[in-house]
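Asks: This is the structure, below, for whatever I ask next.
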Amino acid sequence: MTSTATSLALSRTRLFGGLGMGRQGQREAIGATTHPRDLAAHATIRIADPIRCTVTCLTGLLWLTHDGDPKDLILKPGEQYRADRRSMLLVHALEESRLELMSVD
């Protein structure tokens, strides 16, 4: 897996399986094709069906992992990852971070 990856290709409700996890675990609705987002240090979001979704690190440091995949990925500012599978993707901020989630229709 490389640190430059794919574009997030999900509908609004698919982007986070309809829900994301906020800073303190509260659920919030997500509904955009391109969605910049701030994550507090140690916050995690879950993307239920991430096929063809792109996660771009704008600032900070992000740790990405797919459910069931032993390979993890660290994104630094300017790097991106394009999901090529449907297994849940966890995006965790190792420090205060800003990211962009994008879907390709």
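Asks: Within the range 88-105, how many residues are modelled with pLDDT under 95 and surrounded by 15 or more Cβ atoms within 10 Å (Cβ to Cβ)?
Replies: 3
Asks: Quick one: which of 59, 54 is of a type in the set (Val, Ile, Thr), surrounded by 14 or more Cβ atoms within 10 Å (Cβ to Cβ) and touching a Pro at 6+ places or on another chain (Cβ under 8 Å)?
Replies: 59
Asks: Separate question: Which of the residues that make up the range 69-87 are farther than 17 Å from residue 104 by Cβ and either assigned to a loop (DSSP other than H, G, I, E, B) or without any contact (Cβ under 8 Å) to a residue 12 or more places away in the chain (or both)?
Replies: 69, 70, 71, 72, 76, 77, 78, 79, 87
Asks: Determine whether the range 60-68 contains at least one residue that is part of a loop (DSSP other than H, G, I, E, B), touching a residue at least 24 places away in the same chain (Cβ under 8 Å) and under 9 Å from the mean Cα position of the chain (by Cα).
Replies: Checked against the condition, which is being part of a loop (DSSP other than H, G, I, E, B), touching a residue at least 24 places away in the same chain (Cβ under 8 Å) and under 9 Å from the mean Cα position of the chain (by Cα), the range 60-68 yields no hits at all.
The values are calculated or read from the model by the stated rules, or taken from the named source; none is laboratory data. In this text the structure is predicted, and so the values were computed from the model without any measurement. Note that we place each Cβ from the backbone using ideal geometry, even for glycine, and neighbour counts take in every protein chain shown.
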